[in-house]
Amino acid sequence: MSRERITVIGLDGRPLDEDTERLLRDADLVAGGRRHLEMLGVERGRAVVFEGNLSGALARIEGTGGPVVVLASGDPGFFGIVRLLGGRFGRENLRILPGLSSVALVFARAGLAWDDAVTVSAHGRDPRRAVNVCRTHPKVAVLTSPDFGPAELAEALDTMERTFVVAELLGEPGERVFHGDAGTVAGMQWEDPNVVLVLDEERMPGTRGWISSGMQGRGRWALPEEKFEHRSGMITKSATRAFVLSRLGPRQGDLIWDVGAGSGSVAIECARLGAAAIAIERDPESCARIRRNAGRHKAHVQLVEGAAPEALHDLPEPEAVFVGGTGGAFEEIVKLSAVRARRTVVLALVTLERVVPAAKLLEDCGLEVETTFLQTSTMKGVGDLHRLAAESAVFVVSGSRP
């Protein structure tokens with residue numbers, strides 16, 4: 001295959017220049033979406049439509065001896081077809097002529113800077129991770145799909161106070177840009193393709209950053225207890241929290257439940273690491289503390305004020321659950337957490353009588369169980385000497401999907 005035999009042209013609504021028109025005119029084969037082929041008037045005899053499984057179209061490209069043009073939307077190297085073509089034919093055989101990306105266009109239409117935005121794709125992927133990113137980040141662009149469009153996205157986020165900007169058919173004659181809330185967007189019909197901005201107006205950054213995509217990070221984790229407001233030492237200690245976080249494994253696109261959240265330290269740490277976090281707490285004073293702690297650390301945590309297990313039933317499915325407190329509903333909470341969690345359930349227990357039953361409940365729900373006893377000590381001064389002061393011992397019982 002000769003160098004740059006395949007030219008990938010990104011279309012963004014602007015007229016093609018003379019050189020690009022010549023490449024299109026001289027191509028033996030032109031592949032792309034039906035609307036792109038029709039828009040440019042490509043003759044049926046040399047057109048290949050991209051739809052469904054692309055194996056047949058790729059075979060046609062491979063079997064064509066002369067020049068090939070592939071049409072794509074916007075910037076084909078940004079969540080586009082370049083990765084697939086490069087893997088199949090070799091990047092040395094590609095010439096890429098990008099247009100404006102749909103993400104750049106929608107932010108321009110909205111009058112917003114987007115260096116601090118996060119872009120996620122729900123096209124051909126499980127949309128749950130895209131939804132979870134929208135739960136925690138204040139400025140997100142979502143590349144949708146026919147099966148998961150603006151209405152489905154808005155419905156999944158209907159409990160969050162978000163502004164939606166929906167841009168349909170960007171750069172095409174039927175372009176439309178709509179601003180609205182979740183309820184309005186969920187009740188409307190939308191044309192594909194479209195891009196959706198999900199914005200938390202109150203939390204959008206107002207200052208310049210230094211790195212794109214909101215990836216500046218939050219620095220240290222497993223923060224000392226004094227960094228959180230708590231009640232009489234009722235907080236998951238720093239060393240224990242570090243171990244718990246290692247088992248929960250919070251990351252971007254995950255949703256974590258913190259059940260019996262207390263001070264909210266675990267939920268806040270998960271949010272600082274990029275996950276969406278829901279803190280479930282029944283005590284009003286503790287709920288107030290969680291709000292203050294989250295604000296202090298600039299962490300977005302969704303707070304559900306109510307008693308488990310009842311408060312858990314209508315929550316979206318989590319990747320992982322931390323159970324810090326159960327009240328009198330220990331068995332019910334552990335079972336429900338084990339059923340709902342897609343990956344991991346972690347419990348921190350201080351009483352021996354709960355350890356073996358917790359492990360058994362997780363095993364009965366099909367999880368692989370690990371139980372770890374943690375005992376930490378801190379060094380204290382005694383005059384000119386030092387001693388070790390033992391912290392409260394804790395059992396960490398974790399269950400993971402095989």
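The values are calculated or read from the model by the stated rules, or taken from the named source; none is laboratory data. Please read all numbers here as calculations on a predicted model, not as lab measurements. Please note: Cβ atoms are built from the backbone with ideal geometry, for glycine as well, and neighbour counts cover all protein chains shown.
Check whether at least one residue in segment 233-244 is of a type in the set (A, V, I, L, M, F, W, C), over 22 Å from residue 336 (Cα atoms), assigned to a strand (DSSP E or B) and in contact (Cβ under 8 Å) with a residue 24 or more places away in the chain, and report yes or no. Taking every residue of segment 233-244 in turn, at least one turns out to be of a type in the set (A, V, I, L, M, F, W, C), over 22 Å from residue 336 (Cα atoms), assigned to a strand (DSSP E or B) and in contact (Cβ under 8 Å) with a residue 24 or more places away in the chain. Looking only at residues of segment 203-214 that are under 20 Å from the mean Cα position of the chain (by Cα) and at pLDDT 80 or above, we find that the one that is farthest from residue 165 (Cα to Cα) is 211.
If you check 119, 159, which single one turns out to be touching a helix residue (DSSP H, G or I) at 6+ places or on another chain (Cβ under 9 Å) and in a loop (DSSP other than H, G, I, E, B)? Don't jump to the end; show me each part of the working.
Details: 119 fails: in a loop (DSSP other than H, G, I, E, B).
Answer to the selection: 159.
When you check residue 174 against the structure, is it within 25 Å of residue 39 (Cβ to Cβ), assigned to a loop (DSSP other than H, G, I, E, B) and without any contact (Cβ under 8 Å) to a residue 24 or more places away in the chain, yes or no? Yes, satisfied. Being in a loop (DSSP other than H, G, I, E, B), among the small types (Gly, Ala, Ser), at positive phi and at pLDDT below 95 is a condition met by at least one residue of segment 220-230.
Comparison of 241, 247, 220, 251 shows that the only residue that is within 25 Å of residue 345 (Cα to Cα), of a type in the set (Lys, Arg) and outside the structural domain of residue 299 (by TED's automatic domain parsing) is 220.
For segment 25-59, give me the residue count where each residue is among the hydrophobic types (A, V, I, L, M, F, W, C), part of a helix (DSSP H, G or I) and either crowded, with 17+ Cβ neighbours inside 10 Å or in contact with a Pro (Cβ under 7 Å, 6 or more places away or on another chain) (or both).
Kept after step one, since they are among the hydrophobic types (A, V, I, L, M, F, W, C), are these residues of segment 25-59: 27, 29-31, 37, 39-40, 42, 47-50, 54, 57-59.
Still in the running and part of a helix (DSSP H, G or I): 37, 39, 57-59.
Cutting the leftovers down to either crowded, with 17+ Cβ neighbours inside 10 Å or in contact with a Pro (Cβ under 7 Å, 6 or more places away or on another chain) (or both) gives us 37, 57-58.
The number of residues fulfilling the criteria is 3.
Being touching a strand residue (DSSP E or B) at 6+ places or on another chain (Cβ under 9 Å) and more than 20 Å from residue 136 (Cα to Cα) holds for only one residue in 306, 249, and it is 306.
Any idea how many residues of segment 252-288 are within 21 Å of the chain's Cα centre (by Cα), of a type in the set (D, E, K, R), within 27 Å of residue 375 (Cα to Cα) and not in a helix (DSSP H, G or I)? Here the count works out to 1. Just checking, does segment 11-19 include any residue being more than 25 Å from residue 109 (Cβ to Cβ), at pLDDT 95 or above and crowded, with 17+ Cβ neighbours inside 10 Å? Scanning segment 11-19 turns up no residue that is more than 25 Å from residue 109 (Cβ to Cβ), at pLDDT 95 or above and crowded, with 17+ Cβ neighbours inside 10 Å. Of everything in segment 169-211 that is farther than 19 Å from residue 118 by Cα and of a type in the set (Val, Ile, Thr), the residue that is surrounded by the most Cβ atoms within 10 Å (Cβ to Cβ) is 185.
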